[in-house]
Amino acid sequence: MKQARYKLFEVTSRSLFIISILYFFPAELAGKFGLVLLLFGFFAVFYGFERYISLQRELVNESDQNVNIKLVSVLRFYIFNFLISAPFLTISLFNYGVSSVMLIFFCLLISFSEHISNAVYNISVVYNTYLIAMPVVIIKNLLMFLLGILLMLFKQKDSIEIIIYCWAILSLIQLLILSKWFLNSLNRFGIRFCGGDFHEMIGHYRIAKINFLIGLISLLSLQCDRLIVGFSFDSYFSGIYFRHVSLISILYQLFNILSYNRLVPKIFFEAKTQPFSHLRNIILTEFKKITLLLFGLTILLVIGYYFFLDNYFVFFGLDLYIILSLLAIFYIKIYADFQGMILNALNQELKICVFQFVAMLCSVVLMLLLIPIFRVNGVLFASFTGTLLYAMIMYFYRPNLKLNITPHAT
């Protein structure tokens, strides 16, 4: 599957860049960099408003012309949301200590460019014409990884500023290349980018509002621990914690590419005619494979730690207990996400939103109560409890639906 291969290359290249900063620079710098990444990811949800989920359903089996018409409208929607969100990201960056106007401007450029990179892949899952844009993203990430290595070798004092400047320049080049390619595609069908009105924007909000709430709550569920750690501890400890969660984040992205996104078209298609029990059987078959792979990975990690990896753990400030705890949380989250895929296909997004909110609220409350006493153990216990609660709710929930369900249309 070309989509999976391209995304795998993209995630690998981006992960190399992020890991080069988090692991080979001082922990204080890693903490600052990690929190900036969190802000980028958080605001990307507002740029896209999670419109891509319903868009994927709409693009299946559509003609090239209709696809481009929909994409023009959605891109206008993304730009509109970015302009609204930019002042709030500016304030967040300023409060975090980014006081340079130029640095803030570059951060805004990077955040929107990263959102477009993800949008290109999300579209290509159901419309592979847009895979042509993925190499541009991969090359940009590899150049950023090379930059990280060079900065590490030459031990630059102002590394975080240099990283942002270079990242912004490459992001601008990426946006210019993708814009040129997209406009050429529109010209072939005589479609104009300019246009749209207030009612068009309202239509997108109306279609995506439930998915947006789900996405926002899902993001907070995944990153509430990092957000709370980032603002509760100093930059050094935050950097150490971000090093641990970055490993799990890479695994989670690989899971999305190789497993979750591969099943999305199949589940969405069969949900139109097949009962809930059939969809769950498909998911359980895939989950068993994930279980075996994750079990094997855990065994190899533990054996490797006691035989030859312990010195590396000490050098990078890693803790086996924290990694194993995060792996357990990751495993439980996978199961809940699979069940959520089925509910998404059956247009049960509101249920997912409620379930995730309850679980997230449980995690946040526990963290705020336990962190002052148990520090990192409080974070891990709260994350585990909230994720387990979410998975249990998803396991016991049985939607009462009839066959021949038709997904929402535009």
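The values are calculated or read from the model by the stated rules, or taken from the named source; none is laboratory data. Worth saying up front: this structure is predicted, and the values here are computed from it rather than measured. All Cβ positions, even for glycine, are placed from backbone atoms using ideal geometry, and neighbour counts span all protein chains on display.
Key figures for this structure:
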| quantity | calculated |
| --- | --- |
| Scan of the range 277-327 for residues that are surrounded by fewer than 17 Cβ atoms within 10 Å (Cβ to Cβ), part of a helix (DSSP H, G or I) and of a type in the set (Gly, Ala, Ser), ordered by number | Ser277, Gly296, Gly304 |
| Residue satisfying condition, being β-branched (Val, Ile, Thr) and modelled with pLDDT of 90 or more, within set Ile53, Ile21, Ile79 | Ile79 |
| Single residue of the range 140-161 satisfying the filter (in contact with a helix residue (DSSP H, G or I) (Cβ under 8 Å, 6 or more places away or on another chain) and exposed (fewer than 15 other Cβ atoms within 10 Å of the Cβ)) that is modelled with the highest pLDDT | Ile149 |
| Ile282 being in contact (Cβ under 8 Å) with a residue 12 or more places away in the chain, in contact with a Cys (Cβ under 9 Å, 6 or more places away or on another chain) and farther than 18 Å from Phe330 by Cβ | no |
| Qualifying residues in the range 120-160 (those that are hydroxyl-bearing (Ser, Thr, Tyr), touching a residue at least 12 places away in the same chain (Cβ under 8 Å) and in contact with a Phe, Trp or Tyr (Cβ under 9 Å, 6 or more places away or on another chain)) - the one farthest from Ser179 (Cα to Cα) | Ser159 |
| Contacts under 7 angstrom Cβ, first residue in the range 62-90 being within 23 Å of Cys107 (Cβ to Cβ) and assigned by TED's automatic domain parsing to the domain that holds Ser100, partner among the hydrophobic types (A, V, I, L, M, F, W, C) and not in a helix (DSSP H, G or I), 6 or more apart | Asn81/Phe49 |
| Filter result for Glu28 (among the charged types (D, E, K, R) and within 27 Å of Ile240 (Cβ to Cβ)) | yes |
| Any pair with Cβ under 9 angstrom, 6 or more apart, that starts in the range 241-255 at a residue that is at pLDDT 90 or above and ends at one that is not in a helix (DSSP H, G or I) and not small (Gly, Ala, Ser) | Tyr241/Phe233; Arg243/Leu318; His244/Leu318; His244/Asp319 |
| Matching entry among Lys180, Lys140 (being under 28 Å from Thr12 (Cα atoms), basic (Lys, Arg) and under 20 Å from the mean Cα position of the chain (by Cα)) | Lys140 |
| Test for Ser249: is it surrounded by fewer than 19 Cβ atoms within 10 Å (Cβ to Cβ), among the hydroxyl-bearing types (Ser, Thr, Tyr), within 19 Å of Ile334 (Cα to Cα) and in the same structural domain as Phe338 (by TED's automatic domain parsing) | no |
| Selection within the range 342-395 - surrounded by fewer than 22 Cβ atoms within 10 Å (Cβ to Cβ) and among the hydroxyl-bearing types (Ser, Thr, Tyr) | Thr385, Tyr395 |
| Of all residues making up the range 361-389, the number that are within 13 Å of Arg226 (Cβ to Cβ) and polar (S, T, N, Q) | 2 |
| Single match in Leu219, Leu170 (criterion: within 18 Å of the chain's Cα centre (by Cα) and not basic (Lys, Arg)) | Leu219 |
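Rundown of residues vs (1) surrounded by 15 or more Cβ atoms within 10 Å (Cβ to Cβ); (2) part of a helix (DSSP H, G or I), yes/no style:
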position: Lys180; (1), (2): no, yes
position: Asn187; (1), (2): no, yes
position: Cys194; (1), (2): no, no
position: Met201; (1), (2): yes, yes
position: Arg206; (1), (2): no, yes
position: Asp225; (1), (2): yes, yes
